[in-house]
1. Within segment 356-375, can you find the residues that are open to solvent by less than 70 Å² (accessible area, probe 1.4 Å) and either in contact with a strand residue (DSSP E or B) (Cβ under 6 Å, 6 or more places away or on another chain) or free of Cβ contacts under 8 Å to residues at least 60 places away in the same chain (or both)?
2. Sort out which residues of segment 376-422 are at positive phi and in a strand (DSSP E or B), and write them in order of number.
3. Collect the residues in segment 180-192 that are over 16 Å from ASN294 (Cβ atoms) and either of a type in the set (A, V, I, L, M, F, W, C) or crowded, with 18+ Cβ neighbours inside 10 Å (or both), keeping them in residue-number order.
4. For segment 409-425, state whether one or more residues are over 25 Å from GLN345 (Cα atoms), open to solvent by 10 Å² or more (accessible area, probe 1.4 Å) and of a type in the set (Phe, Trp, Tyr).
5. Name the residues in segment 334-364 that are in a strand (DSSP E or B) and over 25 Å from ARG390 (Cβ atoms), would you?
6. What number of residues within segment 90-106 are in a loop (DSSP other than H, G, I, E, B) and crowded, with 19+ Cβ neighbours inside 10 Å?
7. Go through segment 319-349 and give me each residue that's closer than 14 Å to SER460 by Cβ and open to solvent by less than 20 Å² (accessible area, probe 1.4 Å).
Amino acid sequence: MAKRLRLAGALAFIVTVSLLARGYDEQYRPQFHFSPRANWTNDPCGLVYAFGKFHLFFQHNPFENKWGHMSWGHAASSDLVQWNQLPVAIPDDKKAAIFTGSSVFDLNNTSGLCASRGGCIVSIYTGMTPKSDTTPEKQAEHLAFSQDGLTWTKFSRNPVLDLGRSDTRDPKVFWYQPGKYWVMVIVQADDKKVRLFRSPNLKQWQPLSEFGPRGATGGVWECPDLYTLPITGQPGKMRWILKIGLNPGHIAGGSGEQYFIGQFDGKTFTPDDANGATRWLDYGRDCYCALTFNNDKQPGSPHMIGWMNNWQYAADAPTSPWRGAMTLPRELSLASVNGSLQLIQRPARELASLRGEQFEFRGSSLKELNDKLQVWPHRSQTFELEVVIRPGDAKEVAWKVLQGSDDETVIGFDRAKQELFVDRSKSGSTQWNRSFPSNTVAPLTLGSEPLKLHILVDRSSVEVFAQDGAVALTNLVFPKATSTGLSLAITGGSIQQMEVRLWTLRSAWQ
């Protein structure tokens with residue numbers, strides 16, 4: 001096994017070097033989102049801060065640009081912006097494919113797997129054994145560990161939790177300090193249930209409780225996460241967030257994620273909402289399996305990263321030599337919005353280090369703004385836009401980004417419907433999958449407040465955060481390379497006032 005791990009690492013290193021020499025500038029290649037140098041990726045997994053780095057693991061096929069040979073790819077960063085792709089951390093083998101999971105930093109060596117007092121990374125993942133002529137498919141929870149954050153050893157007595165099923169997967173493990181034990185959250189995907197377990201050492205697990213079915217149940221449940229957040233403006237108060245992936249059944253179509261706000265007493269998660277109302281993590285088409293970092297440097301405002309794709313069409317995405325990318329790292333908080341607690345998502349502040357040329361405008365003249373944008377010499381397909389608009393009596397306010405002669409992506413607010421939308425039906429290359437052209441919509445009630453938009457565009461993606469992060473929409477787009485136009489359109493009436501700040505964003509790969 002050790003020989004196989006070394007061989008896989010050596011092969012990955014050779015691939016890494018050869019692809020790096022070619023550059024990281026292919027058509028549609030994200031410039032400030034993580035994507036592997038080559039081949040398939042889906043769920044992020046094992047997110048942890050350890051040995052002075054943020055470690056991002058991801059579902060990865062090291063050999064082809066399609067799903068298969070599921071292994072844990074690996075990248076590390078000191079700032080969540082510039083990522084260094086490393087050799088495959090945990091490769092598949094004849095015994096099991098390596099599905100989604102999590103990693104913890106075992107500082108006190110509760111597992112007995114750490115070779116020194118400095119602690120080690122223990123990764124907990126689903127090992128999938130395919131069906132054979134005599135046995136059904138099985139999914140069980142396995143361990144691997146690393147003393148340095150670079151090389152991994154699979155635990156010799158895997159699995160550590162086996163429920164004898166084919167749908168128990170995606171363990172999220174964290175240290176529960178009040179009880180001084182580890183908690184594992186997994187799904188029974190087909191039953192739309194979350195199950196919780198406890199362990200003193202990561203190797204023996206005892207059941208705690210179950211949650212669900214509840215909320216959205218239109219597809220299988222996947223990729224659970226459970227974490228705590230303080231309530232902004234309410235010192236000493238906090239809540240727990242239980243996040244669950246859903247495939248299919250998302251409000252925008254295909255795969256997406258819901259979350260619940262509630263209490264966790266070390267055994268049972270109890271949601272605050274008695275009626276079980278569904279809360280969507282992201283209203284766009286392309287944010288799935290979003291997970292938080294364990295041992296984060298910002299425990300009060302943890303970072304989260306998701307897979308920027310959708311299972312409806314991920315296999316057909318028109319990118320090469322890679323397929324799949326991650327969302328921006330997002331800082332999370334919890335705040336009262338219109339009298340109700342709500343998860344807040346904002347782009348990680350470290351991304352501001354990539355800002356380049358700046359454009360600013362303040363006024364009410366639509367023509368003056370668009371004239372200045374048209375002649376601004378720094379327009380590109382990688383930029384950040386912050387906007388505060390008082391809509392006045394305008395019926396619709398719409399930003400058109402990545403504009404070309406016959407393509408554009410529209411980000412707008414409809415006053416009558418009180419909705420924020422992202423329309424990618426004419427965003428460029430859309431016909432490669434009939435499910436791709438779409439218009440995604442999120443409820444947004446302004447009241448007397450101005451419309452606040454924070455938009456980040458990165459060649460093949462548009463991420464929109466509204467009202468200081470209370471609403472998020474993430475969507476892939478595939479425009480022509482020459483489509484760099486940017487303008488604002490108003491339908492019916494006129495706006496009162498607007499403040500516009502725009503930055504080009506440098507490549508994180510340079």
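1. Those that are open to solvent by less than 70 Å² (accessible area, probe 1.4 Å) and either in contact with a strand residue (DSSP E or B) (Cβ under 6 Å, 6 or more places away or on another chain) or free of Cβ contacts under 8 Å to residues at least 60 places away in the same chain (or both): GLY356, PHE359, PHE361, SER364, SER365, LEU366, LEU369, ASN370, ASP371, LEU373.
2. LEU402
3. VAL187, GLN188, ALA189, LYS192
4. The answer is no, given that none of the residues of segment 409-425 is over 25 Å from GLN345 (Cα atoms), open to solvent by 10 Å² or more (accessible area, probe 1.4 Å) and of a type in the set (Phe, Trp, Tyr).
5. Listed by number, the residues that qualify are LEU334, LEU341, LEU343, ARG355, GLY356, GLU357.
6. 3
7. THR319, TRP322, GLY324, ALA325, MET326, THR327, LEU328
So that you can scan it fast, the table gives a plain yes or no per residue for (1) surrounded by fewer than 20 Cβ atoms within 10 Å (Cβ to Cβ); (2) farther than 21 Å from GLN342 by Cα:
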| position | (1), (2) |
| --- | --- |
| LEU196 | no, yes |
| TRP221 | no, yes |
| THR228 | yes, no |
| GLY236 | yes, no |
| ILE261 | yes, no |
| ASP265 | yes, no |
| THR270 | yes, no |
| LEU281 | no, no |
| GLY284 | no, no |
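The values are calculated or read from the model by the stated rules, or taken from the named source; none is laboratory data. Predicted model, so just to flag it, every value in this text is computed and none were measured. Counting neighbours? That spans all protein chains shown, and the Cβs are built from the backbone with ideal geometry, glycine included. Note: accessible area is taken over every heavy atom of the protein model, side chains too, but ligands, DNA and RNA are not part of it. Shrake-Rupley method; radii C 1.70, N 1.55, O 1.52, S 1.80 Å.
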